[in-house]
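Q: My questions all concern the structure below.
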Amino acid sequence: MVTTVKYSSGRLNTVSFERGTGVYLNDTLDTNYGGGSTTGPWTWVVPQGVYSIYVDMCGAGGGGGGAYNAGGAGGGGGGGACIKDQEVYVRPGQSLVITCPAGGTGGTAGAAGTAGGSGGGGTQTTISGLDDAYGVAGDGILAMTVGFGGSAGAVTNGGSGGSGGEGQAAGGTGGAGAGGNSAIGIRGVSGGGFNSTANSGAAGGAISNAGGSATGPSGFSQFRSAIANAGTVPGAGHGASSFWGLGGLANNTGAGAAASGFGAGGAGGTGTANGGAGSPGLVRIRYVG
């Protein structure tokens with residue numbers, strides 16, 4: 001929900017495309033927009049007199065990895081690439097198609113545990129129908145890449161954290177062998193001039209009587225440590241957060257929590273538990289008119 005603000009030059013309007021809920025026009029959920037679809041894709045027509053819009057956008061978050069039968073814990077899912085307040089030039093009457101994919105599924109636990117799924121199954125969050133860099137009408141697309149799923153835990157090693165969107169936010173490396181701690185995840189910044197950020201998932205800890213996971217970025221302005229466990233079951237990696245979502249929290253004994261909001265990663269599983277799901281992508285458009 002975004003509060004409407006008035007300026008002397010006009011009214012600032014917000015259209016928010018939120019998978020799982022639907023489309024908000026300023027502060028109100030429009031249950032008839034796009035036939036009432038809560039998953040999209042949706043079409044938005046640029047109003048008359050509007051030649052630029054400001055976009056908030058993020059790719060879907062990755063799921064957390066599953067644990068290895070009380071062995072290594074799963075890594076947290078990576079966050080989707082995000083942009084905030086990016087100005088985009090448009091034309092009145094232009095039809096833009098909005099796609100917001102679902103978050104990645106959590107990995108399953110077991111002797112053959114699985115990694116968490118990439119956000120949207122690898123599908124990007126997109127605004128299509130824009131004019132491209134060469135001025136070709138309707139041929140351009142703005143896309144935010146997904147966060148990748150955390151790796152499953154191994155027999156003794158923790159799973160690696162999932163990389164963030166844009167491929168420049170590497171996940172932390174899983175703890176190796178008895179007593180090992182996991183490495184630090186990295187916050188990445190994309191190229192392309194869009195000032196995009198993407199956070200990685202923290203890694204799962206190895207089997208250890210004292211070890212756990214090291215700190216991994218899980219927010220654009222704050223850091224959250226992957227959970228550490230003093231027992232024989234290692235702590236799993238937390239999911240990465242985004243501008244608009246909180247990564248799932250890992251725990252000492254069970255399933256990784258799902259991410260909340262948009263573009264965040266799910267937590268890895270611990271013990272004999274599954275990883276948590278990532279949260280979906282988001283597109284929010286603001287314009288004065």
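The values are calculated or read from the model by the stated rules, or taken from the named source; none is laboratory data. Computed from a prediction, not measured in an experiment: that's the story for all the values here. Counting neighbours? That spans all protein chains shown, and the Cβs are built from the backbone with ideal geometry, glycine included. For accessibility, only protein heavy atoms count, side chains too; no ligands or nucleic acids. Shrake-Rupley method; radii C 1.70, N 1.55, O 1.52, S 1.80 Å.
Q: Only one of 159, 116, 110, 150 is more than 27 Å from residue 282 (Cα to Cα), at pLDDT 80 or above and either assigned to a loop (DSSP other than H, G, I, E, B) or hydrophobic (A, V, I, L, M, F, W, C) (or both). Can you tell me which?
A: 110 is the lone residue from the list that is more than 27 Å from residue 282 (Cα to Cα), at pLDDT 80 or above and either assigned to a loop (DSSP other than H, G, I, E, B) or hydrophobic (A, V, I, L, M, F, W, C) (or both).
Q: Among the residues of segment 40-69, count how many are open to solvent by 40 Å² or more (accessible area, probe 1.4 Å) and among the hydrophobic types (A, V, I, L, M, F, W, C).
A: Residues flagged as open to solvent by 40 Å² or more (accessible area, probe 1.4 Å) and among the hydrophobic types (A, V, I, L, M, F, W, C) within segment 40-69 amount to 1.
Q: A further question follows. Somewhere in segment 71-81, is a residue at pLDDT 85 or above, farther than 13 Å from residue 125 by Cα and either touching a strand residue (DSSP E or B) at 6+ places or on another chain (Cβ under 7 Å) or surrounded by 24 or more Cβ atoms within 10 Å (Cβ to Cβ) (or both)?
A: Checking segment 71-81: not a single residue is at pLDDT 85 or above, farther than 13 Å from residue 125 by Cα and either touching a strand residue (DSSP E or B) at 6+ places or on another chain (Cβ under 7 Å) or surrounded by 24 or more Cβ atoms within 10 Å (Cβ to Cβ) (or both).
Q: On to the next question. Being over 20 Å from residue 119 (Cβ atoms) and either assigned to a strand (DSSP E or B) or touching a His at 6+ places or on another chain (Cβ under 6 Å) (or both) narrows it down to one residue among 68, 54; which is it? Give the steps one after another, and end with the answer.
A: Values: 68 fails: either assigned to a strand (DSSP E or B) or touching a His at 6+ places or on another chain (Cβ under 6 Å) (or both).
That would be 54, the only listed residue that is over 20 Å from residue 119 (Cβ atoms) and either assigned to a strand (DSSP E or B) or touching a His at 6+ places or on another chain (Cβ under 6 Å) (or both).
Q: Within segment 90-102, work out how many residues are open to solvent by 20 Å² or more (accessible area, probe 1.4 Å), in a loop (DSSP other than H, G, I, E, B) and of a type outside the set (D, E, K, R).
A: 3
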